[in-house]
Structure formats: structure tokens, C-alpha cells
1. Might you let me know whether segment 8-27 holds any residue that is within 19 Å of Lys165 (Cα to Cα) and touching a helix residue (DSSP H, G or I) at 6+ places or on another chain (Cβ under 8 Å)?
2. Within segment 65-101, can you find the residues that are surrounded by 19 or more Cβ atoms within 10 Å (Cβ to Cβ) and closer than 18 Å to Ala30 by Cβ?
3. Being more than 21 Å from Asp131 (Cβ to Cβ) and surrounded by 15 or more Cβ atoms within 10 Å (Cβ to Cβ) is the filter here; which residues of segment 26-42 pass it?
4. Picking from Val72, Val136, Val125, which residue would you name as being in the same structural domain as His169 (by TED's automatic domain parsing), free of Cβ contacts under 8 Å to residues at least 40 places away in the same chain, in a strand (DSSP E or B) and touching a helix residue (DSSP H, G or I) at 6+ places or on another chain (Cβ under 9 Å)?
5. Looking for something surrounded by fewer than 21 Cβ atoms within 10 Å (Cβ to Cβ) and farther than 26 Å from Cys93 by Cα - is there at least one such residue anywhere in segment 46-57?
6. Being in a strand (DSSP E or B) and crowded, with 20+ Cβ neighbours inside 10 Å is the filter here, so list the residues in segment 160-205 that pass it.
7. Determine, yes or no, whether Asn77 is touching a residue at least 40 places away in the same chain (Cβ under 8 Å) and closer than 28 Å to Arg205 by Cα.
8. Restrict the check to segment 151-158 and report whether at least one residue is surrounded by fewer than 18 Cβ atoms within 10 Å (Cβ to Cβ), modelled with pLDDT under 95 and not in a loop (DSSP other than H, G, I, E, B).
Amino acid sequence: MKKSRVYIKKGEQLRTSIEEIFNNVGFDHAGGKNVVVKPNMFRAAKPEESVVTDPRLLSETVSFLVDAGADVIVGDNPVPNTARTEMEIAHYCGFVAASNGRFRNIGRYSKKITRKENLLKEVYVSQEILDCDILVSLPKLRTHDLTTMSVAVKNHFGIIPGGLKPHIHSRFPRIEDFSRVLIEVYELRPPDLIIVDCLDVIDARGKRFTPNTIIAGDNGHAVDFVCAEIAGIDPYLIPTLKTAKDKGLFEPDKIECIGEIEPLKGYSIPFRFPLRNSIVEFAARILYRIWLTRKPMIDSSMCTRCLACEDVCPVGAIQNQTIDHKKCIKCYCCLEVCPNKAITTKFLV
């Protein structure tokens, strides 16, 4: 297996650092390419909360690609809700402004992928992700209750339309199984380049750190390994890393760091105790089963029969203002595209 290079660069001259990273990984000629840039937008959050990708990193990445002549789309798949649509969440996070108007709703159209050998045998992936020439992932370095940390591999779960993610969580509540699924999703269409936002971060206790650093590479497992070292934790506390190593997807001794690893002193991860995993798995199982009782409903009094929902539904579950809930896969694409907000979700048994 060839060496995996991971680049660690300071953010004072962010544009310069981004240009150097693209040049180092061989994407200095992006002209004429279709590029999708995927930030981390798992919920509505202001930049100062340090839980979604910093708009500064997104802005400079998009600016570099546009100047290079690339055709750029920016998008992610947060879990939709009736309070805010995907575009409203993007505005709130500062991503619409940071992308210079290139943010798109990539949850509108998806393609079914079948992998009978996988634990997750069928899954839907945003069409833009599958069609692009270059996929750039901009994850945020942060902690996660289930997977300890959420960086490159966990961020890639966002290539799946928002509503399907809780469904997958509910099917695979065990941390070991869910970690395998995350790796399977990552392998469907790996990013060509990962640039981790480690400019301003917070730990599991809410303590703030300002490393003013970005970490980059083209192997998500190697990038996650280095990020764990920067967080000052044992990389194998991250279950996806342990699984990836066992599957031979990367070799820690073949990671070549270009730049200095400066561990974050006092960085805290989710509290660990005996039977923690069992308790977390049980809680996740209950919460996601409750979530899955949410079903999309059409308010016929608000519907203008534009047929946008019928057009976007990947399984053809909508006809004549009626949703067939036996067919519905709860991707909530219909909710995202309805121009009149005639579709809402309700908890139905």
C-alpha cells in the first residue's frame, strides 16, 4: 500500500494554504471540471458555535476553484425539518454567502445504489455527488457521542439525502455495525480531497480551542488518524478507524505528515465509562425509532399541484396529492422541494 500524505497547514494565509494543498494532491488544473464542495452542515448553527464548517474555509476553497475555471456546486444533506429547509439552514450557517451563490439543494435528486456484499445493501446517494469530476469534502473537527469524533469519514455520511440518515441509524444502532456502514458509504464515492476545518473547535465539554489549522489529504482514514492525534486521543477510540485498519483500508505506519502535529492540550471527548457503548446504543435505538414515526403529509389546501414532489420522489410514492407511506423511504425530498410548504411531517404510529 502506498503512503498516505496528510498536510497540516496554518490558517493565517488561508487562500495560500488551500492553493498549496490542491497543488500537492494534483488538482492544480481544475479548469473545466465539475466540482462539488461538501461542507459539514449537520444542523443550523452560527460559525461562532464551531460545530459546522467555518465559512472562511468554504469561501476560500470555492474562490480558488472558481478562479481556476471550475464549475462549482456547494451542498450538503442536513436532516430536514419543518422549521427550516435545507436552503434556510445554509443561509443560517453562512454557507450561501460563503459559496458566492453556488450553494444548491443536493437532496432533490438521488440515485439508488445496490451493494449486496455490504451490510447496507441498498442506499440512495445525491446525484450531484455521483456525477461530479472532483469531490472536495470540508469536514469540521468535532466530537460525536456515537463515533467519538466526527471528521472525514463521518462527514461523508452527508452524501445521503437527509431523511434517510436517521433511518440508517435505526437499522444499525450498534456502534460497530454503524461504523462499518459509515465506511461502506465512504467507499461508494470517496472524496478526492479532504480539508478539515480545525480553525476554531470545541470539545465535548464546550471548551474552545483556536488551533487556526487545516488538515488535508486524499485518504479519509489517514486524515482521521492524524486528526485524532491532534485531538490528543488514541486513534482507535474512533471505531471507524479501528474497523478501517482491520479491513486494510489504510496503514498507520505509512502515513506521512507534511507539517507539525500539535496536540490540543486538554481536549475532551465524550465521557467513557463501563457499559457506555451499550447505553448509548440503546438510547440511539429508541430515539431513532421515535424519529421514524414522522411521516410526510400533504396539506391539499396549500398544494398548487405543481407536481414537484412527484417529480423528486425517488420511489414514486406520491400521486394525486397522496403519499403511499408503505412505499415512502422517509428521505423527505418532497418536503425540501415544495414551493408552498404544503408538505409537513407528523408523528404517526
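1. Here is the first cut: in segment 8-27, the residues within 19 Å of Lys165 (Cα to Cα) are none.
There is no residue in segment 8-27 that is within 19 Å of Lys165 (Cα to Cα) and touching a helix residue (DSSP H, G or I) at 6+ places or on another chain (Cβ under 8 Å).
2. Leu65, Ala70, Val72, Ile73, Val74, Gly75, Ser99
3. Those that are more than 21 Å from Asp131 (Cβ to Cβ) and surrounded by 15 or more Cβ atoms within 10 Å (Cβ to Cβ): Asn40, Phe42.
4. Details: Val136 fails: free of Cβ contacts under 8 Å to residues at least 40 places away in the same chain; Val125 fails: free of Cβ contacts under 8 Å to residues at least 40 places away in the same chain.
Within the list Val72, Val136, Val125, the selection yields Val72.
5. There is no residue in segment 46-57 that is surrounded by fewer than 21 Cβ atoms within 10 Å (Cβ to Cβ) and farther than 26 Å from Cys93 by Cα.
6. In the first step, residues of segment 160-205 are kept if they are in a strand (DSSP E or B); the result is 193-198, 201-202.
Across segment 160-205, the qualifying residues are Leu193, Ile194, Ile195, Val196, Asp197, Cys198, Val201.
7. Details: touching a residue at least 40 places away in the same chain (Cβ under 8 Å): yes; closer than 28 Å to Arg205 by Cα: yes.
Yes: the conditions hold for Asn77.
8. So the first thing to find is which residues in segment 151-158 are surrounded by fewer than 18 Cβ atoms within 10 Å (Cβ to Cβ), and the list is none.
Taking every residue of segment 151-158 in turn, none turns out to be surrounded by fewer than 18 Cβ atoms within 10 Å (Cβ to Cβ), modelled with pLDDT under 95 and not in a loop (DSSP other than H, G, I, E, B).
The values are calculated or read from the model by the stated rules, or taken from the named source; none is laboratory data. Given the structure is predicted, the values throughout are model-derived calculations rather than measurements. Ideal geometry is used to build each Cβ from the backbone, glycine not excepted, and the neighbour counts take in all protein chains shown.
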